[in-house]
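The values are calculated or read from the model by the stated rules, or taken from the named source; none is laboratory data. Nothing here was measured: the structure is a model prediction, and the numbers come from that model. We place every Cβ from the backbone using ideal geometry, glycine too, and count neighbours over all the protein chains shown. Just so you know, the surface numbers come from the protein's heavy atoms only, side chains and all, with ligands and any DNA or RNA stripped out. Shrake-Rupley method; radii C 1.70, N 1.55, O 1.52, S 1.80 Å.
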Amino acid sequence: MYRSFDVESLPFTTTAELEDGLEIIGQQRAIDAIRFGIGIRHHGYNLFALGPNGVGRRTTANRFLTERAVNEPVPDDWCYVYNFEHPHKPRAHRLPPGRAIVFRDDMKKLAEELFSVLQATFTGEEYQLQKRALEEELRGTHTEALDKLREDAQTRGIALMQTPGGFAFAPLKEGGEVITPDEFMRLDQEAQKKIENEVGELQEALQRIMQQIPNLHREMQSKLKELNERVVEFTITPLMDELRQKYIDLESIIGYLDAVRKDVIENFELFTHDEEGDGRQFIGAIMGMATPDRKAPMTRYEVNVVVDNSQVHGAPVIFLDQPRYQNLVGRVEHVAQMGALVTDFSLIKPGALHQANGGYLLIDALKLLSEPFAWEGLKRAIREGEISIESLGQVYSMVSTVSLEPEPIPLSVKVVLIGERFLYYLLSSNDPEFNELFKVSADFEDEVGRSVESAQAYARVIAEVARAEKLRHFDRHAVGRIIEHGSRLADDTEKLSTHMQSMTDVLREADYWAGEMGHDSVMRDDVQKAIDMQTIRASRVHKRILEGILRDQVLVETQGEVVGQVNGLSVYSLGNYSFGSPSRITARVRLGNGKVIDIEREVNMGGPIHSKGVLILAGFLGERYAADRPLSLTATLVFEQSYGGIEGDSASSAELYALLSALSGLPVKQSLAVTGSVDQRGQVQAIGGVNEKIEGYFDVCRSRGLTGNQGVLIPASNVINLMLRQDVVDAVRDGNFHIYPVKTIDEGIALLTGVSAGEADESAAFAPDSVNGRVVARLMHFTEKQRQFGEGQRREDDSERPRPNDSETTGDKPTTE
């Protein structure tokens, strides 16, 4: 009933004597799979660590990944920079580890130096002198042409005058005065015509001079641009050459610096502070999608570092706790500006794939599948081998804001998904890409064989947890109790649970109770206290059900005998707490057509496994008692006072005992409860939750008073699963409670009725006083009754049928003569 652990096999007094070590219990298959998965470097060999929650999937995977990652090279840094040709497509650059931050700082320093140096250059006296010389050259050329035109007009007696409306020509008198309009009109026609012709010629000459002004202006602008470019190039060359020399080994960075050099020369006015320049800066800031301030021109030369491995030792190991799409592949943020959402390359934010690039990424599979688009985004990144940052709103046309198309970054990462088994098999069956991308499965065991070696491994884990969490150390008797508790969690005397989360909870709570009791180390009683208190905290529903039974609100008899009624045992699971409770199962039989009616199924309260168990009963009855004659009965089975669904076949043996009792007329002892499934041959089969079921019925009997006649029938194959509470073990040892392992239905019905089941003789007949003999007699009685009923019905039908006439009786045919 309980397999105690021999603490003498533990070679220590307390766990303080054990050395530190990283112990993983019973997961060699999973460990080998993890080592293989992280070692093979081919496409698609990502891992899926599957198993129940709490067995150490994440801890184990993270441990081996970390051990391997330390010895692997640190991956490169990545940064985004402004794309001078296509501003909406930022360029990505790879740099050796730690150099991206340096490059960012160098570019920031360069921009600041350019800002100050160019400001000083363009406000300097030397540049201003050269600029004024060009402007005076333009004005001189223009003035010289006008002076020549004025002299030509003067020789013709015509004056060139400049008015607010422009230039004008007027004839002169001999004294040099301008002729008034009245005087001009008094001239003869020939003189007027001569003056008009000469003025016309002069106006054409003036027109030609004025048409040359834009060309002269363009020439001046071209010369000024050449001057500016020479000045800018001369000014920035020492700064750029110094930076080029620093990154001479990085071809892509050299190309970027050349682009910066070209852009600075072409857009040097962004660094000026005059009013016209400020306006251009503002417009450029808007077009460049940066914040419009004095330093806006420098933002285009900044470096956005998305991956910085300067502080990383070895390959990165990243666990993504919230695997949203944007947290996985990165995002482009926006800022509100002038009533619109705008962005630039400096607002590109990395995702977990960027951080884990060149290393390992662990993700909870359930959380990943729960996030919209995250699973597809991860598959696409692994399949294509690159990280593409895309806005979901833009992809699905949900928003119309200005966005970016960052250059994809090459991806080299080993992804480890952690999830339950059903998720693995669900994806494997329904997603055709899953098996191509996750070729390695690390299946974690729920339990491990109980041996001296595994017990000592348990002890090392306890020591490791105690040191890691600063708990009191455990003496070996406490360790022995924890090992026994591991067998109880595994429901097997030859196994130990690998659910380390549950075991660690017990360790923490035992340490607390040891402190409450003033113990220097954790003792067996402290562990027992922790286990008992866990049960008490979770037992509210259990106690309410027990109270209902004791107050006879739920009818369960634990004394006396009743025909066709058996105490079945059920298990209730509420969260991490399971408990057993008895239920009345009743059977009624009558003359019929061989049908066994499951009332639970008829009202859709029974699950398919339970319904299957009931159908097996009909097969057993037919094979044993009516192989060569009709099974002339109808039987009904029901769980009394059940108000919820019922599933499982562990009550099928109890239902069969109830049927046999109803057919034989022999009462069943209500002091006994039953659990176990049955096959069509009458063999009792193993079930789950045997400890909880026994303890649940024991609690009812103890509350009413143990009589020494009470007990439970269990499948013999479940004896290996018994790890019962100490109070149950003590009651059985003292003869106050009983546990009967049975192999067949015949053994069980004999215990329940006190009458031998009976064995068939050579003629396949059973002793009349045996249970089987009584059942056969009852079924023969039903068959005879059915035959008599059928004959009587045929006689009634014959008497009601009309008699035929004579001709029909003799067969004579009427004549037509």
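Is there a residue in segment 645-652 that is in a helix (DSSP H, G or I), among the acidic types (Asp, Glu) and open to solvent by 10 Å² or more (accessible area, probe 1.4 Å)? No: zero hits.
Would you be able to say whether some residue in segment 359-376 is acidic (Asp, Glu), part of a strand (DSSP E or B), farther than 30 Å from ALA111 by Cβ and open to solvent by 10 Å² or more (accessible area, probe 1.4 Å)? Yes, because at least one residue in segment 359-376 is acidic (Asp, Glu), part of a strand (DSSP E or B), farther than 30 Å from ALA111 by Cβ and open to solvent by 10 Å² or more (accessible area, probe 1.4 Å). Looking only at segment 294-320, residues that are of a type in the set (D, E, K, R) and modelled with pLDDT under 90 come to 3 in all.
The residues of segment 668-700 that are among the basic types (Lys, Arg) and in a helix (DSSP H, G or I) amount to a single one, LYS693.
Just one residue in the set VAL563, VAL571, VAL596 is of a type in the set (A, V, I, L, M, F, W, C), more than 30 Å from LEU724 (Cβ to Cβ), crowded, with 16+ Cβ neighbours inside 10 Å and at pLDDT 85 or above; that residue is VAL563. Collect the residues in segment 745-768 that are at pLDDT 90 or above and either open to solvent by 30 Å² or more (accessible area, probe 1.4 Å) or touching a Lys or Arg at 6+ places or on another chain (Cβ under 6 Å) (or both), keeping them in residue-number order. Correct list: ASP746, GLU747, ALA750, LEU751, LEU752, GLY754, VAL755, SER756.
Looking only at residues in segment 723-744 that are out of contact with any helix residue (DSSP H, G or I) (no Cβ under 6 Å at 6 or more places or on another chain) and in a helix (DSSP H, G or I), the one that is surrounded by the most Cβ atoms within 10 Å (Cβ to Cβ) is ALA731.
Applying the selection to segment 47-95, what residues are open to solvent by less than 10 Å² (accessible area, probe 1.4 Å), touching a Lys or Arg at 6+ places or on another chain (Cβ under 7 Å) and either in a loop (DSSP other than H, G, I, E, B) or free of Cβ contacts under 8 Å to residues at least 60 places away in the same chain (or both)? Selection gives GLY51 alone. Here PHE698 clears all of (1) under 21 Å from HIS542 (Cβ atoms); (2) open to solvent by 10 Å² or more (accessible area, probe 1.4 Å) except the condition numbered (2). Evaluate the following for VAL562: is it over 20 Å from GLU464 (Cβ atoms), of a type in the set (A, V, I, L, M, F, W, C) and within 33 Å of the chain's Cα centre (by Cα)? So VAL562 does not fit the description; no.
Might you let me know whether segment 384-391 holds any residue that is in contact with a strand residue (DSSP E or B) (Cβ under 9 Å, 6 or more places away or on another chain) and at positive phi? Yes. With respect to being open to solvent by 80 Å² or more (accessible area, probe 1.4 Å) and aromatic (Phe, Trp, Tyr), TYR577 falls outside the description. For segment 704-761, a tally of residues being under 29 Å from ILE531 (Cα atoms), without any contact (Cβ under 8 Å) to a residue 40 or more places away in the chain and small (Gly, Ala, Ser) returns 6. Among the residues of segment 485-521, those that are under 35 Å from the mean Cα position of the chain (by Cα), of a type in the set (Asp, Glu) and part of a helix (DSSP H, G or I) comprise ASP505, GLU509, ASP511. The set of residues in segment 532-548 that are open to solvent by less than 20 Å² (accessible area, probe 1.4 Å) and within 33 Å of the chain's Cα centre (by Cα) contains only SER539.
Per this entry, SER611 is not counted among residues that are assigned to a strand (DSSP E or B) and open to solvent by less than 30 Å² (accessible area, probe 1.4 Å). Counting the residues of segment 416-426 that are touching a residue at least 40 places away in the same chain (Cβ under 8 Å) and either over 13 Å from ALA49 (Cα atoms) or buried (at least 24 other Cβ atoms within 10 Å of the Cβ) (or both) gives 3. Take the conditions (1) out of contact with any helix residue (DSSP H, G or I) (no Cβ under 8 Å at 6 or more places or on another chain); (2) surrounded by 15 or more Cβ atoms within 10 Å (Cβ to Cβ); (3) at pLDDT below 70; ALA259 misses just one of them, which is (3). Within segment 17-46, the set of residues being under 30 Å from ARG476 (Cβ atoms) and part of a helix (DSSP H, G or I) comprises GLU17, GLN28, ARG29, ALA30, ILE31.
Residues being assigned to a helix (DSSP H, G or I) and within 41 Å of the chain's Cα centre (by Cα) are represented in segment 579-601 by at least one member. Give segment 540-563 a look and list any residue that's out of contact with any helix residue (DSSP H, G or I) (no Cβ under 9 Å at 6 or more places or on another chain) and assigned to a loop (DSSP other than H, G, I, E, B), or say none. Matches in segment 540-563: ARG551, ASP552, GLU557, GLY560. Taken over segment 564-578, the residue count meeting the criterion of being under 17 Å from ALA654 (Cβ atoms), of a type in the set (Gly, Ala, Ser) and outside any loop (DSSP other than H, G, I, E, B) is 2. Taking the criterion of being β-branched (Val, Ile, Thr), more than 24 Å from ARG702 (Cα to Cα) and not in a loop (DSSP other than H, G, I, E, B), the residues of segment 745-759 that qualify are ILE745, ILE749. For beta carbons closer than 6 Å, sequence separation of 6+ or different chains, a first residue in segment 456-479 that is open to solvent by 50 Å² or more (accessible area, probe 1.4 Å) and a second that is basic (Lys, Arg), the qualifying pairs are HIS477/ARG524. Of note, THR636 does not satisfy the criterion of being of a type in the set (S, T, N, Q) and open to solvent by less than 10 Å² (accessible area, probe 1.4 Å). What residue, of THR272, THR291, THR343, THR237, is at pLDDT below 90, outside the structural domain of ARG63 (by TED's automatic domain parsing) and within 40 Å of the chain's Cα centre (by Cα)? Result of the check over THR272, THR291, THR343, THR237: THR291. Find the residue count for segment 321-343, including only residues that are open to solvent by 20 Å² or more (accessible area, probe 1.4 Å) and either closer than 22 Å to LEU65 by Cα or not in a strand (DSSP E or B) (or both). The qualifying residues number 9.
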